[in-house]
Amino acid sequence: MKVFIPRIIPEAGMKLLREAGLEVTVWTEKRALSKQELIDHCMDQDALLSVSSRIDATFLNTCRHLKVIALHSVGYDNVDVEEATKLKIPVGNTPGVLSAATADTAFLLMLATSRKAFYMHKQIQKGKWGFFEPTANLGIELYGKTLGVYGLGKIGTEMARRCKGAYHMDIIYHNRHHNQEAEKELGAVKVSFDELVKNSDVLTVHTALTPKTKGVFDYHIFSRMKPEAIFINTARGAIHNEEDLKRALEEGLIWGAGLDVTNPEPMHADNPLLDMPNVSVLPHIGSATVQTRDAMAVLAAKNIIAGLKGQRLPNIVNPEVYEN
Ligand code: DGY
């Protein structure tokens, strides 16, 4: 059986695929394949282990022979899952294993933004260490502040744990359902979206990108946040409107922003957000630790192996494919 992988993945996953006797082809050039190239490469394959590729209806219909598509990510917003389900192609993802690393990234961005750390680093590189004045380069402290979590799932809970432990922050959250575990462990309080926006000192986004969450954080919402609030997004760039965020920061509607995700990605080098003192931007590295990427590669490989054996994927996005 043959598997195509459009980017190099950690050896931990490759090893499992080889041990399962699969013939693996990896695209090693450092550029994303075009839609047609991906189709061409998948024509004689049995499975696709997808890294960051857009899997739309055209791809799925042309490559309907694929027995399984395993994503090297927890997010599946770049896949037309409905179409895959219609075509009975199981799609797998990698939940759970990246929660701690992604929460670390959100926490890092919160702290860096609160102390303007990325900006200060750039100032030194420009030879602008500056003259010491007690009123210069001031950040804000986080102790006892309110953390608002938009999407208190696995990653959001890890972020809340860090903020509670380090800064005794009060945790409020907005979800469709109660997260009873987090309420018990962290005293998290479920609030309306409006209350979340109005009362958060740090508002951190940990929800999936869906038609409902796309563009939710726009100028109108930023204008209702506290002027000293920090906005953090490590989920998906399209959940906030980047132009509106820029305007909100320029007008002082909020204090700062920390982004691991942008829209588009990559962010252009001349984006004015990169020059703002209270903004910290990272190139979508939430899950980028050796341990987490190994664990993701292993989960993706296990999904491929199960799918090719005709077994249920251990981490399935569209379980409906197994219904009659
Ligand atoms: C994920 O797993 O969804 C991360 O954002 C990496 O894309």
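Structure values in brief
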read-out	value
Using alpha-carbon coordinates, inclination of helix 99-114 to the longest axis of the chain, degrees	30
Cα-based shape type of segment 42-138, given that a ≥ b ≥ c are square roots of the gyration tensor eigenvalues and the cut on a/c is 1.5	prolate
Residue-averaged [θ]222 nm for the chain, counting only DSSP H segments that reach four residues, each worth -39500 (n - 2.57)	-10000 deg cm²/dmol
Cα centre as origin, Lys/Arg/Asp/Glu Cβ charges: the chain dipole, Debye	480
Dimensionless Rg over Rh [segment 99-281; C-alpha; Kirkwood]	0.96
Dipole of the chain [Lys/Arg +1, Asp/Glu -1 at C-beta], most positive-end residue of Gln36, Pro227, Ile305	Ile305
Under-5 Å amide H pairs with Ile232, H placed in peptide plane, nonlocal only	Leu203, Thr204, Val205, Gly258
Three-way shape call for segment 215-324 based on the alpha-carbon gyration tensor, with the a/c threshold at 1.5	prolate
Alpha-carbon centroid distance for the pair segment 188-267 / segment 281-300, whole angstrom	24
Relative contact order [Cα under 8 Å, 6+ residues apart], the chain, whole percent	22
Descending Cα extents along the principal axes, the chain, whole Å	66, 47, 33
Nitroxide proxy distance, nm - points 7 Å out along Cα→Cβ at Ala136 and Arg312	6.4
Relative contact order of segment 99-281, pairs being alpha-carbon contacts under 8 Å that are 6 or more residues apart, as %	25
Given Lys145/Lys214; Lys184/Lys214; Lys67/Lys212; Lys145/Lys190; Lys67/Lys309, the pairs whose alpha carbons are separated by over 19 Å	Lys145/Lys214; Lys184/Lys214; Lys67/Lys212
Per residue accessible area of the chain, 1.4 Å probe, in Å²	49
GluC sites (Glu not before Pro) within segment 1-61, DSSP loop, no more than 15 other Cβ atoms inside 10 Å	Glu29
Surface share of carbon and sulfur [accessible, 1.4 angstrom probe, percent] for the chain	53
Computed accessible area, Arg236, all protein chains, 1.4 angstrom probe, square angstrom	60
Computed accessible area, Leu299, all protein chains, 1.4 angstrom probe, square angstrom	30
C-alpha center-to-center spacing [segment 96-110, segment 112-148] in angstrom	21
When each of Lys86/Lys164; Lys154/Lys198; Lys154/Lys226; Lys154/Lys246; Lys30/Lys122 is checked by Cα-Cα distance, pairs over 32 Å	Lys86/Lys164
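The values are calculated or read from the model by the stated rules, or taken from the named source; none is laboratory data. Bear in mind the structure is a predicted one, so any value in this text is a computation, not a measurement. A quick note on method: Cβ atoms are made from the backbone with ideal geometry, for glycine too, and the neighbour counts reach across all protein chains shown. Areas reflect the complete protein model, heavy atoms only, side chains present, ligands, DNA and RNA absent. Shrake-Rupley method; radii C 1.70, N 1.55, O 1.52, S 1.80 Å.
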